[in-house]
Amino acid sequence: MTGTRMENENTVEHYVDPAPFNPATTEALTPEQERYYQASQWKIMWWKFKRHKIAVWSGVVLILFYLCVPFAEVIAPYTPNTRDSQHLYAPPQPLHLFHEGKFVGPFVYGMKSEIDMTVMKWVFTPDPAKVQPIRFFCRGDDYMFWGLFKADFHLFCPAKGGTLFLAGTDRLGRDQLSGLIYGARLSLTVGLVGVAISIVLGLFFGGIAGYFGGILDSAIQRLIEIMRSLPELPLWMALSAALPVTWSPVWIYFGLTIILGLLDWPGLARAVRSKLLSLREEEYAKAAVLMGAKPGRVIGRHLLPGFTSHIIASATLSIPSMILGETALSFLNLGLRRPSVSWGVLLNEAQNISVVTVYPWLMAPVIPIIIVVLAFNFLGDGLRDAADPYK
Amino acid sequence: MIYYIVRRIVTMIPTLFVISFLIFFIIELPAGDYISNQVAALKSSGESASIAKLEFMRKEFALDRPFFERYLIWVGLWSGPHGFDGLLQGNWGWSFEFAKPVEEVIGPTLPLTVILNFATILFVYVVSFPIGIYSATRQYSWGDYGFTFLGYIGLATPNFLLGLIMLYLFNIWFGLSVGGLMAPEYIDQPWSVAKGLSVLAHLIVPTVVIGTSGTAGMIRRLRANLLDELHKQYVTTGRAKGLKEGRLLVKYPLRMALNPFIADIGNLIPSLVSGSVIVSVVLNLPTVGPVLLSALQSQDQYLAGFILLFVAVLTLMGMLVSDLLLAVLDPRIRLGGRAAS
């Protein structure tokens, strides 16, 4: 130590550069860096999320699917409970553009129907003579828009006097495609409402466990462990079997979402708790406590913003299991029932394997379910990666 | 080790009580009970002769007692109409729907339920282990991409829909009925090699169907864990020492990655058991699944309650086994520390 000082004294005297010092010149930020450092947390997350191409596309797909929720009546060519007694179990009508080499725009061939007397079932064959062009922005079946006022405007409808069963019909001649579009309304929102319930419960229990610790923490931890060790589906089945049969469809729907949310919160509560435990030790949280902030304010104002993104990500990842839960319950006749239409209710028709082998299009709801679940998984993955933007 | 096992089993006892209470609460949620609903139905149809008998049965099954008493009688901690006679004494309750003891109704289905779940766990292990190692060691190869893609599909396809699709495809391709436990011609036949083979063949589809999503998840996790380990310095050191690639992999990183792999099976078991219930309904397998569904629909409360409890206990047992396995593999857990995950 002394040696170095001696050395300093022996060398030149203290040198000061006469030029004025401007830190900006030495540490000049490139415009990109500047943009990055000044951007808010959410902005950086958005940038990071955008780089996850599959997640972005999944988001777009989901938005398209969710458009069915408010506008199901307009998008669907029929109403889900319209019966066409002339077309029971009609197969899907493929969409064509060219008729005998000539372009006519999107159309379907009409169907000839006859009874096969040996197996006693209707047989439908496309009739090349009947070209039925699809009409767009047209008037078709009446419906009550949002249950408020009567309307008959559709995005597309069958030709006058023709049929348009792009995904076939079921046992009572109800159009499957319209069923799918209306079904999206319940199937897709069940997850959202359920997750909202689960978030509230998860935040509450995880919040008090993580913030207060001690006996409360270990009690809640035990509860979470027990809940997580229970097989979900049998409990869902038991709970939804307890919903009174006399309830109206709306009540059954809310009952279902509550059931789904009630068993889902432990995972979220655990995430909240562990995140809170680590954030609580951060300097800014301690500073807030020392300045006399009340627990509610510390959690809500200082800690919550730190892990909102994580909550959103894990909530997104738990939506698919709820959608599947509703589908499974309705499929088993324990959830929603006609006249409510959801994808599970539609699948209910496919319960009997002998029916499915003859009329495979009854399994159509499988396709949107898989697409939506996949999309939610990808979106959730992307959000989870983006949730920690500073990594 | 013995201390650890004992401690682990003792901690299960309060868990079991909480679970049994939850289950009892859930099965008692619907208004009324099986017998009082029947009484109401009989009353509305103007019949009164058998009401007295039903009232007697209500007394017999202690359905007229308050909720907590009923729960304790069910468990066997309270003196019921026949003294202490509940689950703890080996009485599984009475099925009103079948007018038989629960034991007789579901007794034959229990072994298959256990076998099916066990086979599924084995399937998940056996399939995901080599694929996970392959995907991690050949990261970004075509095989890796293929398995990752398949894994996503497997995760996204709900198992009962997969069961439905399988049923359909097998029917179309092979004209084979995959539903049921054996081909129809063997039902009521004495046991023979051919019958045994038929049962095995019929177990394959449900096992695959139930295990697919779990397998996909396990592959993903094993791949991620192993990838983390493969980039650590001790691997480089091993390689620099001239260890052969295969031996190096088995000796160090695989052992590290194995730990969370086994711990995860515990998290997986609830969803596997859930899956087995609904897949059994779809594929019409004689496990507790279809019985549970019909019991719930007809409000046959003690039958449903016992099945729920059985399924929960099965899950707990599975988690116990996975915990014990973990303790055998990892001395840190055995000696009371925490698992490194």
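The values are calculated or read from the model by the stated rules, or taken from the named source; none is laboratory data. Treat the numbers as computed from the prediction; the structure is a model and nothing was measured. Cβ: placed from backbone, ideal geometry, glycine included. Neighbour counts: every protein chain shown.
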Residue within the range A:277-286 that is within 19 Å of A:Val200 (Cα to Cα) and out of contact with any Ser or Thr (no Cβ under 7 Å at 6 or more places or on another chain) present: yes
Neighbours by Cβ (under 8 Å, 6+ apart or cross-chain): first from the range B:223-240, assigned by TED's automatic domain parsing to the domain that holds B:Phe261; second surrounded by 17 or more Cβ atoms within 10 Å (Cβ to Cβ) and outside any helix (DSSP H, G or I): B:Glu229/B:Tyr252; B:Tyr234/B:Tyr252; B:Val235/B:Tyr252; B:Gly238/B:Tyr252
Total residues in the range B:255-311, condition assigned to a helix (DSSP H, G or I), more than 8 Å from every other protein chain (Cβ to nearest Cβ), under 15 Å from the mean Cα position of the chain (by Cα) and among the hydroxyl-bearing types (Ser, Thr, Tyr): 2
Neighbours by Cβ (under 7 Å, 6+ apart or cross-chain): first from the range A:29-43, not assigned by TED's automatic domain parsing to the domain that holds A:Phe307; second exposed (fewer than 10 other Cβ atoms within 10 Å of the Cβ) and assigned to a helix (DSSP H, G or I): A:Leu29/A:Tyr37
Condition check for A:Arg337: outside the structural domain of A:Met120 (by TED's automatic domain parsing), at negative phi and touching a Pro at 6+ places or on another chain (Cβ under 8 Å): yes
In the range B:1-16, the residues that are within 10 Å of another protein chain (Cβ to nearest Cβ) and without any contact (Cβ under 8 Å) to a residue 40 or more places away in the chain: B:Thr11, B:Pro14
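Can you work out which of the residues in the range A:36-65 that are among the basic types (Lys, Arg) and loosely packed, with under 14 Cβ neighbours inside 10 Å is farthest from A:Ala386 (Cα to Cα)?
Start the filter on the range A:36-65 by keeping residues that are among the basic types (Lys, Arg), which leaves A:43, A:48, A:50-51, A:53.
Adding the requirement that they be loosely packed, with under 14 Cβ neighbours inside 10 Å leaves A:43, A:50-51, A:53.
Working: A:Lys43: 10, A:Lys50: 9, A:Arg51: 9, A:Lys53: 12 Å.
So the residue we want is A:Lys53.
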Lone qualifier among A:Ser321, A:Ser314 - being within 14 Å of chain B (Cβ to nearest Cβ), of a type outside the set (Asp, Glu) and either without any contact (Cβ under 8 Å) to a residue 60 or more places away in the chain or not in a loop (DSSP other than H, G, I, E, B) (or both): A:Ser321
Leading residue by the ranking (surrounded by the most Cβ atoms within 10 Å (Cβ to Cβ)) among those in the range A:324-334 that are at negative phi and within 8 Å of chain B (Cβ to nearest Cβ): A:Thr327
Evaluation of A:Ala241 against (1) under 30 Å from B:Gly32 (Cβ atoms); (2) surrounded by 22 or more Cβ atoms within 10 Å (Cβ to Cβ); (3) away from every other protein chain (no Cβ under 14 Å) (one fails), failing number: (3)
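Among the residues of the range A:29-46, are any at pLDDT below 75, among the hydrophobic types (A, V, I, L, M, F, W, C) and either farther than 30 Å from A:Ser187 by Cβ or in contact with a helix residue (DSSP H, G or I) (Cβ under 6 Å, 6 or more places away or on another chain) (or both)?
Of the residues in the range A:29-46, the ones at pLDDT below 75 are A:29.
From the residues that got through so far, the ones that are among the hydrophobic types (A, V, I, L, M, F, W, C) too are A:29.
From what is left, the residues that are either farther than 30 Å from A:Ser187 by Cβ or in contact with a helix residue (DSSP H, G or I) (Cβ under 6 Å, 6 or more places away or on another chain) (or both) are A:29.
For the range A:29-46, residues at pLDDT below 75, among the hydrophobic types (A, V, I, L, M, F, W, C) and either farther than 30 Å from A:Ser187 by Cβ or in contact with a helix residue (DSSP H, G or I) (Cβ under 6 Å, 6 or more places away or on another chain) (or both): present.
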First in the range B:252-280 and farther than 24 Å from B:Leu308 by Cα, second anywhere and outside any helix (DSSP H, G or I) and not hydrophobic (A, V, I, L, M, F, W, C), Cβ under 8 Å, 6 or more apart: B:Pro253/B:Lys232; B:Asn259/B:Asp330; B:Asn259/B:Ser341; B:Pro260/B:Ser341; B:Ala263/B:Ser341
Residue list for the range A:305-332, restricted to those being more than 17 Å from the chain's Cα centre (by Cα) and modelled with pLDDT of 85 or more: A:Leu329, A:Ser330, A:Phe331, A:Leu332
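Under the condition of being among the acidic types (Asp, Glu) and within 24 Å of B:Ser298 (Cα to Cα), which residue from the range B:98-151 is nearest to the chain's Cα centre (by Cα)? Before you say what the answer is, go through the steps one by one.
Step one: list which residues in the range B:98-151 are among the acidic types (Asp, Glu), which gives B:103-104, B:144.
Those left that are additionally within 24 Å of B:Ser298 (Cα to Cα): B:103-104.
Details: B:Glu103: 19, B:Glu104: 21 Å.
Filtering first and then ranking leaves B:Glu103.
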Test set (1) touching a Gly at 6+ places or on another chain (Cβ under 8 Å); (2) modelled with pLDDT under 85; (3) assigned to a helix (DSSP H, G or I) - A:Trp236 fails condition number: (2)
Residues (assigned to a helix (DSSP H, G or I) and over 17 Å from A:Leu324 (Cβ atoms)) located in the range A:336-356: A:Glu349, A:Ile353, A:Ser354, A:Val355, A:Val356
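For (1) at pLDDT 70 or above; (2) out of contact with any Leu (no Cβ under 9 Å at 6 or more places or on another chain), each residue gets a yes or a no:
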position	(1), (2)
B:Leu155	yes, no
B:Pro158	yes, no
B:Tyr168	yes, yes
B:Asn171	yes, yes
B:Phe174	yes, yes
B:Ile187	no, no
Residue satisfying condition, being at positive phi and either in a loop (DSSP other than H, G, I, E, B) or surrounded by fewer than 20 Cβ atoms within 10 Å (Cβ to Cβ) (or both), within set A:Phe153, A:Phe137: A:Phe137
Filter pass, A:Thr163 being over 27 Å from the mean Cα position of the chain (by Cα), of a type in the set (S, T, N, Q) and away from chain B (no Cβ under 14 Å): yes
Qualifying residue in the range B:42-57 (condition: away from every other protein chain (no Cβ under 11 Å), surrounded by fewer than 16 Cβ atoms within 10 Å (Cβ to Cβ), farther than 17 Å from B:Leu77 by Cβ and of a type in the set (Asp, Glu)): yes
Any hit, the range A:76-90, residues being within 37 Å of the chain's Cα centre (by Cα), modelled with pLDDT of 80 or more and not in a loop (DSSP other than H, G, I, E, B): no
Helices (runs of 4 or more DSSP H) enclosed by the range B:2-99 - at least 2 residues per element that are of a type in the set (D, E, K, R): B:2-27, B:51-60, B:67-75
Hey, B:Val205 of a type outside the set (Lys, Arg), at pLDDT below 85 and crowded, with 20+ Cβ neighbours inside 10 Å or not: yes
Some residue of the range A:81-90 being of a type outside the set (Lys, Arg), farther than 30 Å from A:Val250 by Cα and surrounded by fewer than 14 Cβ atoms within 10 Å (Cβ to Cβ): yes
Some residue of the range A:59-74 being of a type outside the set (A, V, I, L, M, F, W, C), in a loop (DSSP other than H, G, I, E, B) and either under 30 Å from A:Phe137 (Cβ atoms) or touching a helix residue (DSSP H, G or I) at 6+ places or on another chain (Cβ under 7 Å) (or both): no
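Yes or no: the range B:315-336 includes at least one residue that is of a type outside the set (A, V, I, L, M, F, W, C) and within 30 Å of A:Ala350 (Cβ to Cβ).
Step one: filter the range B:315-336 for residues of a type outside the set (A, V, I, L, M, F, W, C), giving B:315, B:318, B:322-323, B:330-332, B:334, B:336.
Next cut, within 30 Å of A:Ala350 (Cβ to Cβ) only: B:315.
Among the residues of the range B:315-336, at least one is of a type outside the set (A, V, I, L, M, F, W, C) and within 30 Å of A:Ala350 (Cβ to Cβ), which makes the answer yes.
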